[in-house]
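Chemist: Sharing a structure here in structure tokens format.
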Amino acid sequence: MSPRLDELRTEDTTETASSTPLSETTLAEAALTEAVLSEAALPEQSQTSHSPQITSESSAPDTTGIPELDGLPEIPPYAEVGPVDARALSKTLFQRLESLEEGTHEFAYVRNTLVELNLALVKFAASRFRSRSEPMEDIVQVGTIGLIKAIDRFELGRGVEFPTFAMPTIVGEIKRFFRDTSWSVRVPRRLQELRLDLAKAGDELAQKLDRSPTVSELAERLGITNDEVVEGMAASNAYTASSLDAQPEEDDNEGALADRIGYEDHGLEGIEYVESLKPLIAELPPRDRKILSLRFVANMTQSEIGEELNISQMHVSRLLSRTLVKLRKGLMVEE
């Protein structure tokens with residue numbers, strides 16, 4: 001059986017770790033999951049954190065001379081921002097965003113910078129759906145909409161890290177995209193696009209002719225053959241859509257479809273990640289599991305962990321980063 005995070009402790013773990021209440025285990029799970037997701041969201045060369053530096057090659061626009069943006073750190077090229085720095089910069093930007101008026105240039109700058117800093121979360125979420133037929137660019141674009149929604153809804157006062165808050169919204173937006181564009185029978189993309197063209201041409205001709213157009217008229221309008229028009233019409237039958245106000249045919253007492261659809265529980269998305277991490281954690285060497293326990297269960301700092309294990313803080317940082325990257329790769333393989 002795969003261990004919970006509170007079971008990661010080895011027999012020689014400190015008293016601090018062993019005395020951690022089991023009720024705090026879910027907090028440890030959330031913290032570890034957030035750390036793995038943040039590491040996972042960036043390319044290999046960006047895994048090592050570095051302090052934000054002022055650079056003339058910053059990808060963000062120059063804010064010199066804008067009083068409302070005074071005091072904000074200059075953003076390095078986004079590809080060079082590590083996960084720890086992305087969280088720190090995002091927190092600073094969210095604090096400033098709360099004081100800015102929506103619709104202003106300053107508000108748009110901070111909001112857009114938050115999007116750029118956290119786009120790696122979208123790419124990680126999109127990679128879970130790489131086996132789907134939709135182009136990855138489309139999935140990333142939809143996921144970015146979810147990221148923007150998460151930025152607009154996020155509140156620092158909730159005490160949760162932004163990646164933890166944002167991932168369910170991003171993944172939910174992508175899932176909604178697939179649900180809203182699903183086909184009951186797999187139809188080639190060519191016919192899916194033809195169906196849309198036929199619908200548009202049909203509406204235009206109906207308004208012009210004051211009647212439903214014939215197959216020949218549709219074919220002439222689109223520059224295709226009659227057989228292709230018929231094929232496109234047949235493809236329309238493979239697409240299913242139901243009204244949320246539709247009543248069930250069998251039992252009128254069940255109410256409309258909208259009344260019978262469950263709400264979206266963002267907590268379930270976190271459970272998926274936690275459960276996926278458990279077997280990966282079980283395969284880690286004892287020392288790596290102990291470091292995770294000290295860091296995320298006992299909530300010790302890297303310096304405190306170094307003192308406990310008689311190694312340097314820098315060594316702890318390298319070991320922890322290596323372990324998180326390993327867990328990240330395991331998640332990517334599972335997805």
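Chemist: Per-residue HN-Hα couplings for the stretch 223-233, Karplus 6.51 cos²θ - 1.76 cosθ + 1.60 at θ = phi - 60°, whole Hz, x for Gly and Pro?
Modeler: x, 10, 7, 4, 4, 5, 5, 4, 5, x, 5
Chemist: Moving on to the next point. How large is ³J(HN,Hα) for each residue in the stretch 208-216, as worked out from phi by the Karplus curve 6.51 cos²θ - 1.76 cosθ + 1.60 (θ = phi - 60°), to whole Hz, x for Gly and Pro?
Modeler: 6, 8, 6, 6, 6, x, 7, 4, 5
Chemist: Then there is this: Go through the stretch 153-160 residue by residue and turn each phi into a ³J(HN,Hα) via Karplus (6.51, -1.76, 1.60, θ = phi - 60°); whole Hz please, and just put x for glycine and proline.
Modeler: Going residue by residue, I get 9, 5, 10, 4, x, 6, x, 10 Hz, with x marking Gly and Pro.
Read the figures in this text as sums done on the coordinates, not as results from a lab. Note that the coordinates shown come from a computational prediction; the quantities given were computed from them, not determined experimentally.
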